[in-house]
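The values are calculated or read from the model by the stated rules, or taken from the named source; none is laboratory data. Just so you know, these numbers come straight off a predicted model, no measurement behind them. Cβ sites come from the backbone with ideal geometry, for glycine too, and all protein chains shown count toward neighbours.
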Amino acid sequence: MIAVLKNTATKEQISSLISWFENKGLKVNESKGEYCTVLGLIGDTSTIDINLLQGLDIIESVTRVSETFKKANRKFHPEDTVVDVAGVKIGGGNFAVIAGPCSVENEEQIMSAARAVKAAGATILRGGAFKPRTSPYDFQGLHEEGIRLLLEAKKETGLPICSEIMSPEQIPVFEDVDFLQVGARNMQNFDLLKALGKTGKPILLKRGLSATIKELLMSAEYIMSEGNPNVILCERGIRTYETYTRNTFDVSAISVLKQITHLPVVGDPSHATGKANLIKPMSMAAVVSGADALEIEVHCNPEKALSDAAQQLTPAQFTEVMEAIGKARSIL
Ligand code: PEP
Ligand code: MN
């Protein structure tokens, strides 16, 4: 149930209404906007008399909602959420570019990629230290050493760092990592989501390979219901019958998400297409579809990359893509 309050409602009136709801066993999600306050009521609202509420002086409107996702729902929280990733804001008109190699491979590789993406205008450095590979015989990442190297790159460039976490046991290793990525393969690792909900860290939640938009939002709900509001969603392509591209970039999901949730949305054209020569047009498509950020893989020597070689951009290609992103943003 959603109660929209009149802008004449005083603080005291609002808090006594909230206590009344809480005494009825409901959780109240308060969202203060510029023009009104919205109370999202979570729990069994069947005992609430809607007519009684509508008769109160401070109530503008009351609606029952049957949506299963509550905390991420824009109806409960009309204003865009802005997530602060170690000083870099994402959402609510703040645009970010998360760039770097698929995997952290060695010191020279991550340092050169970090310098290159920074020079081209990226605002967050990415690099996988724990890699969820399809084959157990492929490069699995440098693990703790990879995190240490990312922290070195952060020290030199000043860029906040983003890296994928695969299990709740790894949380202590990610203590100094600014932005924790939940990869597509772990979107429904509910124990991981719940544990990340207790950390308060910004979480980049990627859409599962064959997950619906609703399922992605329900996974966000797992993190948020544990108390962590800092969730950013990522469309990274879904599996369809098409095999020409690695996945099918569901660009419309970006626009849908922007309509139905207040959480920031990231487009990842690298994993969506798997092809370096499609990153420029798909980055522009994501931007005009409403993406608050892009995640793009960049490697100084893509053909030698230990993972995702075909989709990583050279620094020169990335610079060109950054220019195209700027152009796409200028027409919004
Ligand atoms: C990655 O970002 O390198 C990655 C493995 O992404 P995804 O989980 O979207 O496949
Ligand atoms: Mn990758």
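Structure above, values below:
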| quantity | calculated |
| --- | --- |
| Qualifying positions in the range 272-297 - buried (at least 23 other Cβ atoms within 10 Å of the Cβ) and of a type in the set (D, E, K, R) | 292, 295, 297 |
| Single residue of the range 312-332 satisfying the filter (surrounded by 15 or more Cβ atoms within 10 Å (Cβ to Cβ) and part of a loop (DSSP other than H, G, I, E, B)) that is nearest to ligand 1 (Cβ to nearest atom) | 312 |
| Pairs with Cβ under 7 Å, 6+ apart, first in the range 207-230 and within 16 Å of ligand 1 (Cβ to nearest atom), second of a type in the set (S, T, N, Q) | 208/188; 219/188 |
| The range 178-204 - residue that is among the charged types (D, E, K, R) and under 14 Å from the mean Cα position of the chain (by Cα) and, of those, farthest from residue 103 (Cα to Cα) | 201 |
| Any hit, the range 105-119, residues being within 23 Å of residue 283 (Cα to Cα) and part of a loop (DSSP other than H, G, I, E, B) | no |
| Residue that is of a type in the set (S, T, N, Q), at pLDDT 95 or above, surrounded by 18 or more Cβ atoms within 10 Å (Cβ to Cβ) and closer than 16 Å to residue 104 by Cα, where the choices are 170, 181 | 181 |
| Every residue from the range 120-130 that is more than 16 Å from ligand 2 (Cβ to nearest atom) and in a loop (DSSP other than H, G, I, E, B) | 121, 123 |
| Residues being of a type outside the set (S, T, N, Q), over 14 Å from the mean Cα position of the chain (by Cα) and part of a loop (DSSP other than H, G, I, E, B) - total across the range 283-311 | 5 |
| In the range 232-271, the residues that are in a loop (DSSP other than H, G, I, E, B) and either within 14 Å of ligand 1 (Cβ to nearest atom) or surrounded by 16 or more Cβ atoms within 10 Å (Cβ to Cβ) (or both) | 236, 237, 239, 245, 246, 247, 249, 250, 262, 263, 264, 268 |
| All positions within the range 270-310 that are within 15 Å of ligand 2 (Cβ to nearest atom) and of a type in the set (Ser, Thr, Tyr) | 270, 273, 307 |
| Residue list for the range 161-190, filter: in a loop (DSSP other than H, G, I, E, B) and within 16 Å of ligand 1 (Cβ to nearest atom) | 165, 166, 167, 177, 178, 183, 187, 188, 189 |
| Near pairs, Cβ below 9 angstrom, 6+ apart or cross-chain, from the range 109-127 (closer than 11 Å to residue 322 by Cβ) to any residue that is basic (Lys, Arg) and not in a helix (DSSP H, G or I) | 117/126 |
| Subset of the range 41-97 (residues that are aromatic (Phe, Trp, Tyr) and farther than 19 Å from residue 289 by Cα) | 69, 76 |
| Output for the range 298-311, where each listed residue is closer than 27 Å to residue 331 by Cβ and either touching a Phe, Trp or Tyr at 6+ places or on another chain (Cβ under 9 Å) or surrounded by fewer than 21 Cβ atoms within 10 Å (Cβ to Cβ) (or both) | 298 |
| When residues of the range 131-161 are limited to those that are buried (at least 19 other Cβ atoms within 10 Å of the Cβ) and within 12 Å of ligand 2 (Cβ to nearest atom), the one farthest from residue 308 (Cα to Cα) | 141 |
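Conditions (1) within 16 Å of ligand 1 (Cβ to nearest atom); (2) crowded, with 18+ Cβ neighbours inside 10 Å; (3) over 24 Å from the mean Cα position of the chain (by Cα); (4) not in a loop (DSSP other than H, G, I, E, B), marked per residue:
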site	(1), (2), (3), (4)
22	no, no, yes, yes
52	no, no, yes, yes
56	no, no, yes, no
77	no, yes, no, no
90	no, yes, no, yes
